[in-house]
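Participant: Could you have a look at this structure, given as structure tokens, before my questions?
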Amino acid sequence: MRIALDSIVFGLQRLGGITTYWAALARGLAARQDVTPVLLQPRHVITLGTRDLATSQLPAVRERLPAFLSRYMTAQTIPDCDLQHSSYYRLPRERRVRSVVTVYDFIYEARRRGLAQRLHGAQKRRAVERADAIICISNRTRDQLRCRWPRVPGGKVSVVPLAVDHDRWYPAATPPGGHEAGDRVLFVGRRDGYKRFDLAVAAVARVPELRLAVVGTGLTPREEAHLRSRLGNRVETMGEVDDSSLRLLYSTAHALVVPSEDEGFGLPVLEAMACGCPVVAGSRSGLGESGGTAARWVQVQEADAYADALRSLGHSGARAAAVRSGLAQAARFTWADTIDRTVAVYRNLV
């Protein structure tokens, strides 16, 4: 099969779960003998860590318009492909071409307002209704799709979970059984309102023996002032780090805290667990499929509850059990399985 991969997301997102997924999909398909992927690349690729794709032997076509414009248009049709799979809700320009779209979540619809939200919602709905097959990254996303758009035929919707690269994410130091807890609590990624960064700060403030390490885009002056007022010198701003540096942070951290109130799947949860890092997360976040029974689930969105969960990992026996169960949970998710299930969706169309 010859598959066109509409990689518009590489022009929209520097870091994040979608770009991680899309790069893993491209690499996984390229490694198979039964599939030939062809990349439709944005004019300017801004995603970090995709240099190997850009310089590989994969056939590629580059778009002429910048991504901020082309994202809302139909995608260029690549000749002689059996189908076109979009990374971010675009349909192929020619209607005769069979299409697949991946749906990640409905956070934008629930959390955003204004023209951008309306444009995004209309584009996603059009892509979902016209696509020949839909891939949802979790059962939760599938259920939300069915609730929002009940007329979409269930037969064209498949659940294909995301995964973790076990060659990239693994414990960096001592074996899991002897893993000593550091004093860092990690907060990784975006800090939008629904991510509840404020809860992470307030929880660590209640546990004097811990410090907060913030990984992601630079802090605003307002965030800096708030952190210093609440945590003093018990805060580290790490900025954007590469995977090897993040693996070391995970491997030596006390825990990853994820107080988010809305997620589609939650790749950082799996990546942390694969490195032997316990995870403390909100039970209503939508992270249940990635965290399973291995995460420490906080039942109420209150700082004291998160602080209690972080304190509980100070006991060596509890921490060792959390590390072991996290490693077992992460081992259930492999990109090889994700690719196999994706190719099965393709074959049903072809």
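The values are calculated or read from the model by the stated rules, or taken from the named source; none is laboratory data. Treat the numbers as computed from the prediction; the structure is a model and nothing was measured. All Cβ positions, glycine included, derive from the backbone under ideal geometry; neighbour counts span all protein chains shown.
Participant: Filter the range 97-116 down to the residues that are part of a loop (DSSP other than H, G, I, E, B) and touching a helix residue (DSSP H, G or I) at 6+ places or on another chain (Cβ under 8 Å), then identify the one that is farthest from ASN348 (Cα to Cα).
Facilitator: ARG112
Matching residues to (1) among the hydroxyl-bearing types (Ser, Thr, Tyr); (2) modelled with pLDDT of 90 or more; (3) surrounded by 13 or more Cβ atoms within 10 Å (Cβ to Cβ):
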site: PRO42; (1), (2), (3): no, yes, yes
site: ALA54; (1), (2), (3): no, no, yes
site: PRO66; (1), (2), (3): no, yes, no
site: MET73; (1), (2), (3): no, yes, yes
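Participant: Oh, and also: Can you tell which of ARG71, ARG90, ARG112, ARG98 is out of contact with any Gly (no Cβ under 6 Å at 6 or more places or on another chain), of a type in the set (Lys, Arg) and either free of Cβ contacts under 8 Å to residues at least 12 places away in the same chain or assigned by TED's automatic domain parsing to the domain that holds GLU263 (or both)? Don't jump to the end; show me each part of the working.
Facilitator: Details: ARG71 fails: either free of Cβ contacts under 8 Å to residues at least 12 places away in the same chain or assigned by TED's automatic domain parsing to the domain that holds GLU263 (or both); ARG90 fails: either free of Cβ contacts under 8 Å to residues at least 12 places away in the same chain or assigned by TED's automatic domain parsing to the domain that holds GLU263 (or both); ARG98 fails: either free of Cβ contacts under 8 Å to residues at least 12 places away in the same chain or assigned by TED's automatic domain parsing to the domain that holds GLU263 (or both).
None of the others qualify; the one that does is ARG112.
Participant: Another question, if that's okay. So for the range 269-280 (the condition being at pLDDT 95 or above, in contact with a strand residue (DSSP E or B) (Cβ under 7 Å, 6 or more places away or on another chain), outside any strand (DSSP E or B) and among the acidic types (Asp, Glu)), does at least one residue qualify? Show your work before the answer.
Facilitator: Filtering the range 269-280 down to residues at pLDDT 95 or above leaves 269-280.
Restricting the remaining residues to those that are in contact with a strand residue (DSSP E or B) (Cβ under 7 Å, 6 or more places away or on another chain) gives 269-274, 277-280.
Imposing the further condition that a residue be outside any strand (DSSP E or B) reduces the set to 269-274, 277-278.
Right, trim to among the acidic types (Asp, Glu) and you get 271.
Scanning the range 269-280 turns up at least one residue that is at pLDDT 95 or above, in contact with a strand residue (DSSP E or B) (Cβ under 7 Å, 6 or more places away or on another chain), outside any strand (DSSP E or B) and among the acidic types (Asp, Glu).
Participant: Also: Which is free of Cβ contacts under 8 Å to residues at least 40 places away in the same chain and either outside the structural domain of ILE107 (by TED's automatic domain parsing) or in contact with a strand residue (DSSP E or B) (Cβ under 6 Å, 6 or more places away or on another chain) (or both), of HIS226, HIS254?
Facilitator: Every option except HIS226 fails the conditions.
Participant: Evaluate the following for ALA127: is it modelled with pLDDT under 95, outside any loop (DSSP other than H, G, I, E, B), not assigned by TED's automatic domain parsing to the domain that holds VAL279 and not basic (Lys, Arg)? It would help to see each step written out before you state the result.
Facilitator: On the way: modelled with pLDDT under 95: no; outside any loop (DSSP other than H, G, I, E, B): yes; not assigned by TED's automatic domain parsing to the domain that holds VAL279: yes; not basic (Lys, Arg): yes.
So ALA127 does not fit the description; no.
Participant: Quick one: in the range 261-297, of everything that is polar (S, T, N, Q) and surrounded by 24 or more Cβ atoms within 10 Å (Cβ to Cβ), which residue is nearest to TYR108 (Cα to Cα)?
Facilitator: If we filter the range 261-297 for residues that are polar (S, T, N, Q), which is where we start, we get 283, 285, 290, 293.
Restricting the remaining residues to those that are surrounded by 24 or more Cβ atoms within 10 Å (Cβ to Cβ) gives 285, 290.
On the way: SER285: 15, SER290: 21 Å.
Here the answer is SER285.
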